[in-house]
Amino acid sequence: MAFAQLVSALILSSFFLTVTPTEVPESVTNEIKELFKTGQAPKNLAKDLENFRMPRLFREGMENTYEHPVICFFCNLLVDLAIGERRLGASREVLAKEIEFICVHLGIESERVCTGVIDLNIDVFLYIVDNYPNLDSHRVCGSVLQSLGCSPGDNFEWSIELPSGSSPVRPKPNDTLDSFKILQLSDIHYDPNYKPYGNADCGEPICCQTDQGEPSSPENTCGYWTDYREADVPWHLIEETVRQAKTQEFEYVYYTGDIISHRVWETSIRNNSQSISDLFTYFKQSFDVPVYPVFGNHEPHPLDLWPTESVKDEKFSVQWLFELVSGPWSELVGQDISETVLKGGYYTVSPKPGFRIIAINGNLCYTYNWWLIFNDVDPYGQLQWLTETLLEAEKNNESVHILSHVPSGTSESLSVWGREYSRIIERFANTITGQFNGHTHRDQFHVYYNSSNPTQPIGTAFNGASVTPYTASNPSYKIYDVDSTTFDLLDYEEWTFNLTLANSKSSNESPDWYKLYSFTEAFGVDNLSPVEVDKVLYKMAENHSLLDDYFLFKFRNGDAGIKDGCDDKCKKDNLCEIATTVYGVDVHCNRFTDLYDKGQ
């Protein structure tokens, strides 16, 4: 949980404490006002907040539990009051103490998690308030609470310059089956503190840690390999995954981000640097083919935060991270890419004639990146650079694969960024032959459509799922089949193992990896082109059993993830997820859910 999420939680909690006088005593509302006015908690406030506890508020799957249609009104009200309090001279210590009090007594997280996250992040919030004279609540709520539909007002409205015209039609995949393979790994989330057979029921954002005591029962014991609950990846699972992946043949490795664990209350530059260096050193030692990495949102310290050159205080800089990886990344890809990596964590290379890889820092759109409140306009100039790089590829008749971390259509991707990115995808639709992302820990895919012809598919993006099970999924990787001439994606296979079974065996036995599915076989299409993948959505809308398959694949057949099944709402949500590439643009979601309803 980042500070942005935590403050969102407090704002959301405050709604329930002010909006319904018939349900919430006026005395509670007055006690909260007194806390923020005086910096001291009234004697009854802690007890009164017990009635409104919201544990795990921003954990996975909990976002809809506390949703309310008028929450944004109260977010705007409370944030404006908080900004006013700071500008009247409220100190860091006072504000941190107030936020921590509410966090703890609403049960959002444990005391040490609340304290740690607030301490790591509050200086960023205060810098923004102190250095953004016209800051208002719409700008804060419209970013951080975008997923709840909060309006940004006149904020977050900008565009990049695109060249006129459209990319020329490219050759279709050949019929000779001349192809090569690419391995995609994603979201390892290496946990140096993982304790096999430790406590899996710890009540914190990540369990199985060395300092969380002993399990209360066999059922609450972490497995040797990892655990379906809030657990990340021990080093021996990284080694096992790489070992098994290397039984396959592939020419390149795409790593789509997230190395650092979910122990979010206790990150540091030193610890993050060690884990990042360890993984990239291991990749270099293990793979005899080029590896193309991108950043995940967990890599900086504190997590999620990517200040740009407009932030003048050096203590917030992430230049240490760019400098840390510029050398190792250059070694992994086989050429010097330091210039743009040092600028913003992105780069481009051409591994062979006619083929270009563009690796972007997709975390710059992440709504929990507080620095978007301070300056959201094309951070690091990356999207404009992406446009110019694609234009050059178009002129050189190159096919392009784009690697990123955060998918553009998720509720956690700032809508204006997703819109501008989608404009780029549309303009260069015939040049871009593949998009690869991570972040969600789910096996998902997305279809991009022509804005002027909404039924015309023009792009696809595929998620690498994750090595971490966090949460409820089996660890996995993907192997793509790529046309050697056009560099179009022909198919992929997902490989996984059953975590329950693996943990039931001796620790010196390797898990039983197996091919979960092939995309073209499972969904009955010829390849992974936009036209063919678009057909899958129509098939799913008509044949709902395919959505059952998609649900199973999404969790990689993980026992914990699939045990409750997927009802009609779940199936329609999955259809919407596939067809949404800009958050808040529901035209394609509505089109396919209407077809779904007609198919019943």
Of all residues making up the range 503-535, the number that are part of a loop (DSSP other than H, G, I, E, B) and either closer than 23 Å to residue 448 by Cβ or among the aromatic types (Phe, Trp, Tyr) (or both): 7
Which listed residue, of 454, 407, is farther than 21 Å from residue 490 by Cβ and crowded, with 24+ Cβ neighbours inside 10 Å: 407
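When the residues of the range 124-149 are filtered to those that are among the aliphatic types (A, V, I, L, M) and in contact with a Ser or Thr (Cβ under 8 Å, 6 or more places away or on another chain), which remaining residue is modelled with the highest pLDDT?
Step one: list which residues in the range 124-149 are among the aliphatic types (A, V, I, L, M), which gives 124, 126, 128-129, 135, 140, 144-145, 148.
Retained after the next criterion (residues that are in contact with a Ser or Thr (Cβ under 8 Å, 6 or more places away or on another chain)): 144-145.
Details: 144: 83, 145: 77.
Residue satisfying both the conditions and the ranking: 144.
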Total residues in the range 355-384, condition of a type in the set (S, T, N, Q) and either part of a strand (DSSP E or B) or surrounded by fewer than 22 Cβ atoms within 10 Å (Cβ to Cβ) (or both): 2
Subset of the range 492-502 that is touching a strand residue (DSSP E or B) at 6+ places or on another chain (Cβ under 9 Å) and outside any strand (DSSP E or B) - its residue that is nearest to residue 219 (Cα to Cα): 498
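Of the residues in the range 123-153, how many are in a loop (DSSP other than H, G, I, E, B), in contact (Cβ under 8 Å) with a residue 12 or more places away in the chain and surrounded by fewer than 16 Cβ atoms within 10 Å (Cβ to Cβ)?
Kept after step one, since they are in a loop (DSSP other than H, G, I, E, B), are these residues of the range 123-153: 132-136, 145, 149-153.
Restricting the remaining residues to those that are in contact (Cβ under 8 Å) with a residue 12 or more places away in the chain gives 132, 135-136, 145, 149-153.
Next, from what is left, pick out any that are surrounded by fewer than 16 Cβ atoms within 10 Å (Cβ to Cβ): 132, 149, 151, 153.
Qualifying residue count for the region: 4.
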The lone exception for residue 253 - which of (1) buried (at least 21 other Cβ atoms within 10 Å of the Cβ); (2) more than 23 Å from the chain's Cα centre (by Cα); (3) hydrophobic (A, V, I, L, M, F, W, C); (4) assigned by TED's automatic domain parsing to the domain that holds residue 436 it fails: (2)
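Given the options 417, 495, name the one that is in the same structural domain as residue 351 (by TED's automatic domain parsing), at negative phi and in contact with a Cys (Cβ under 9 Å, 6 or more places away or on another chain). Don't jump to the end; show me each part of the working.
Working: 495 fails: in contact with a Cys (Cβ under 9 Å, 6 or more places away or on another chain).
Residue meeting the stated conditions: 417.
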Test result for residue 177, part of a loop (DSSP other than H, G, I, E, B), within 30 Å of residue 348 (Cβ to Cβ) and out of contact with any His (no Cβ under 8 Å at 6 or more places or on another chain): yes
Conditions (1) crowded, with 22+ Cβ neighbours inside 10 Å; (2) more than 20 Å from residue 293 (Cα to Cα); (3) charged (D, E, K, R): number failed by residue 443: (2)
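Condition test on residue 231, is it among the aliphatic types (A, V, I, L, M), more than 22 Å from residue 405 (Cα to Cα), out of contact with any His (no Cβ under 8 Å at 6 or more places or on another chain) and in contact (Cβ under 8 Å) with a residue 12 or more places away in the chain? Spell out the reasoning first.
Numbers: among the aliphatic types (A, V, I, L, M): yes; more than 22 Å from residue 405 (Cα to Cα): no; out of contact with any His (no Cβ under 8 Å at 6 or more places or on another chain): yes; in contact (Cβ under 8 Å) with a residue 12 or more places away in the chain: yes.
No: the conditions fail for residue 231.
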Complete set of residues in the range 518-563 that are of a type in the set (Lys, Arg) and without any contact (Cβ under 8 Å) to a residue 24 or more places away in the chain: 535, 539, 563
Qualifying residue in the range 385-397 (condition: surrounded by fewer than 24 Cβ atoms within 10 Å (Cβ to Cβ) and assigned to a strand (DSSP E or B)): no
From 422, 415, residue being in contact with a Gly (Cβ under 6 Å, 6 or more places away or on another chain), of a type in the set (Gly, Ala, Ser) and surrounded by fewer than 24 Cβ atoms within 10 Å (Cβ to Cβ): 415
Residue count for the range 253-304, restricted to those that are among the β-branched types (Val, Ile, Thr), part of a loop (DSSP other than H, G, I, E, B) and closer than 26 Å to residue 119 by Cα: 2
Matching residues, the range 477-513, being more than 26 Å from the chain's Cα centre (by Cα), free of Cβ contacts under 8 Å to residues at least 60 places away in the same chain and within 19 Å of residue 248 (Cβ to Cβ): 512
Residue 561 being farther than 27 Å from residue 401 by Cβ and assigned to a loop (DSSP other than H, G, I, E, B): no
Number of the exception - residue 312 against (1) in a loop (DSSP other than H, G, I, E, B); (2) of a type in the set (Lys, Arg); (3) modelled with pLDDT of 95 or more: (3)
Residues of the range 125-150 satisfying the condition of being within 23 Å of residue 383 (Cβ to Cβ) and more than 21 Å from the chain's Cα centre (by Cα): 128, 132, 139
Some residue of the range 514-534 being crowded, with 18+ Cβ neighbours inside 10 Å, in contact with a Lys or Arg (Cβ under 6 Å, 6 or more places away or on another chain) and charged (D, E, K, R): no
Subset of the range 381-416 (residues that are small (Gly, Ala, Ser) and under 30 Å from residue 145 (Cβ atoms)): 381, 404, 408, 409, 411, 413, 415
Subset tally (residues that are closer than 23 Å to residue 204 by Cβ and either touching a His at 6+ places or on another chain (Cβ under 9 Å) or part of a helix (DSSP H, G or I) (or both)) for the range 80-122: 22
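What residue, among those in the range 180-192 that are assigned to a loop (DSSP other than H, G, I, E, B) and buried (at least 18 other Cβ atoms within 10 Å of the Cβ), is farthest from the chain's Cα centre (by Cα)? I'd like the intermediate steps shown before the answer.
Pass one, the range 180-192, residues assigned to a loop (DSSP other than H, G, I, E, B): 186-189, 191-192.
With buried (at least 18 other Cβ atoms within 10 Å of the Cβ) added as a condition, the list becomes 186-189, 191.
Numbers: 186: 11, 187: 9, 188: 13, 189: 12, 191: 18 Å.
Only one residue fits best here, namely 191.
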Residue 63 being in contact with a Ser or Thr (Cβ under 7 Å, 6 or more places away or on another chain), closer than 30 Å to residue 561 by Cβ, of a type outside the set (Ser, Thr, Tyr) and at pLDDT below 75: yes
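The values are calculated or read from the model by the stated rules, or taken from the named source; none is laboratory data. Everything quoted here is computed from the prediction, not taken from an experiment. Please note: Cβ atoms are built from the backbone with ideal geometry, for glycine as well, and neighbour counts cover all protein chains shown.
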